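Beneath this line is the structure, given in structure tokens, with notes to follow.
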């Protein structure tokens, strides 16, 4: 069956949203920068900032996870792509591109069953704000987002298939993707496979080839574990299985350890966060999770699986004291699926009971409203928070010095907005200065002279897993050649003032870009959605900005 004009339009909409996000979406989590982009920069360019998690003493971050992105990066390097464009190339191809692929794969599978369901799914997923940043993030939870969606596509194919052999084959593929998402990505994502595991076990017990199916599952598991173990053991030069270390630290951490030392949040944190990312789609998804499994359709069992995964995930993570937005990434596509199934059933139910004109107006009104809110929210994120990407793009274009001395690009209280070292020219290095932050800042990977193994096995001094400050992670600001800072008056050191004035005998401002002032006075609309300039006379809009600036030292260092 061919695709309709509407469906071709939805495919283009999906590609457009993922491409825009890959090119312009902010990096909203410094964990993405320092735990994944920085070690990837190390593998590709032999330098970068190092967190305690990568110290061989702790080994709770996996190099195996980085290998697919490393391969894409090496191809781009072979094409003489600049480092900053290697970053964007990886985003476009391996992150946003792969997310778009798995979304379109689900769309294709749903379309073979119901065009109405497929259309709603692709529309809600494409424009979703959470998918726009979660789907292009270099995070294990984002990989789990992608693999969960792939696994559910195979679950759907299995559940609607009438052939036993086809059902078993697709279930094995689903299990494979759950293993990849949980072992190569984030171990806790394995919890999403529990409903499918129970269903698969039930199918196995009814099968006459029980031993064969269990053997295949075991072989898949052993193969994935072996590959991950071999890669990480090679880089660390010791036998290690990182997923076990991650679970041990997060679940069985000792006194003063574990995720809670990085902050705890109330239950409302996730509820408000999900509302920001899904708006009206969230209550539709909640209704779907509760109602979909009880509505009689050929895909009823799939609705049960989707709802079960959502309930399990929320039950686990809503109860944890330490909460972060990225912990919800793996179920973002399931939230959209639950809502799409519910809306599809609802529209089918009311279509024949309402006058056609009223039905069409209601449907178009809903689509336009959801699309408009999504576009304005995504534009708001870029408008208010993209300054770090813009300023460090200017850093990436700094001239190479004639000497071989390294050049220090420093930052203080803006350290957590640093995008990654792909924005740093090869001769330059990011350095931190004291800014009042009292936690453990990232150090520097040991830079290899012969082999990358020198870096990955080097035990850095003054690291700890208790988030305790170490003074060797900062340098005196007088040693800085360039400085990235904002114009808040409490700047430490106060190189640049709110009026964009500096000591011109020592510093020169090269570029400034506006970003939202976290301590400023804003109204709710200004913080939540973008309002075009022409409409700000009609809609109350107030956002207080500050400037994020790149400064160049013009006086002698140490002066």
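Things worth noting here:
- Protection proxy ranking for 106-118, 224-236, using the average of other Cβ atoms within 10 Å per residue and placing the highest first: 106-118, 224-236.
- FRET efficiency for residue 501 and residue 295, using Cβ-Cβ distance with R0 set to 56 Å, rounded to 0.05: 0.30
- In Å, descending, principal axis extents of the Cα set of the chain: 77, 64, 48
- Helix 387-396 axis, angle to the chain major axis (alpha carbon atoms, nearest 10°): 60
- Using the average count of surrounding beta-carbon atoms within 10 Å as a protection proxy, the listed peptides 280-287, 131-138 rank, highest first, as 131-138, 280-287.
- The long axis of helix 242-252 is offset from the longest Cα principal axis of the chain by roughly 90 degrees.
- Rg(Cα)/(2.2 N^0.38 Å) for the stretch 68-153, N = residue count: 1.22
- Chain lengthening between residue 198 and residue 426 when straightened (0.36 nm per residue, less Cα-Cα): 77.0 nm
- Relative contact order, whole percent, for the stretch 388-553 stands at 24, derived from Cα pairs under 8 Å and 6 or more residues apart.
- Taking N as the residue count of the stretch 328-451, its C-alpha radius of gyration divided by 2.2 N^0.38 Å amounts to 1.83.
- Mean Cβ neighbour count within 10 Å, used as a protection proxy, ranking 35-44, 189-198 highest first: 35-44, 189-198
- When all alpha carbon pairs of the stretch 177-216 are counted in 5 Å bins from zero, the resulting P(r) reads 6, 24, 21, 20, 18, 9, 2 %.
- Ordered by the number of other Cβ atoms lying within 10 Å of each residue's own Cβ, fewest first, 451, 421, 344, 55 fall into the sequence 451, 55, 344, 421.
- Shape analysis of the stretch 260-340 yields a ratio of the Cα radius of gyration to the Kirkwood radius, Rg/Rh, of 1.02.
- Mean separation of Cα contacts under 8 Å (6+ apart) over length of the stretch 1-137, as relative contact order %: 36
- For the stretch 161-241, diffusion coefficient by Stokes-Einstein and Kirkwood Rh (Cα), 4 °C, 1.567 mPa s, µm²/s: 94
- Between helix 356-385 and the chain: long-axis angle, C-alpha atoms, 0 to 90°, nearest 10: 20
- Cα-based Rg and Dmax for the stretch 316-357, where Dmax is the largest Cα-Cα distance (Å): 16.8, 50
- Distance from the stretch 302-353 to the stretch 30-71 (C-alpha centre basis), Å: 32
- Of every Cα-Cα pair in the stretch 388-553, the percent that sits beyond 23 Å: 49
- Using a cutoff of 8 angstrom between alpha carbon atoms and counting only pairs six or more residues apart, the relative contact order for the chain works out to 17 percent.
- Cβ crowding within 10 Å ranks 473, 163 as 163, 473, fewest other Cβ atoms first.
A short reminder: the numbers here are calculations on the coordinates, not readings from a lab. The structure displayed is predicted, hence computed values, not measured ones. All Cβ positions, glycine included, derive from the backbone under ideal geometry; neighbour counts span all protein chains shown.
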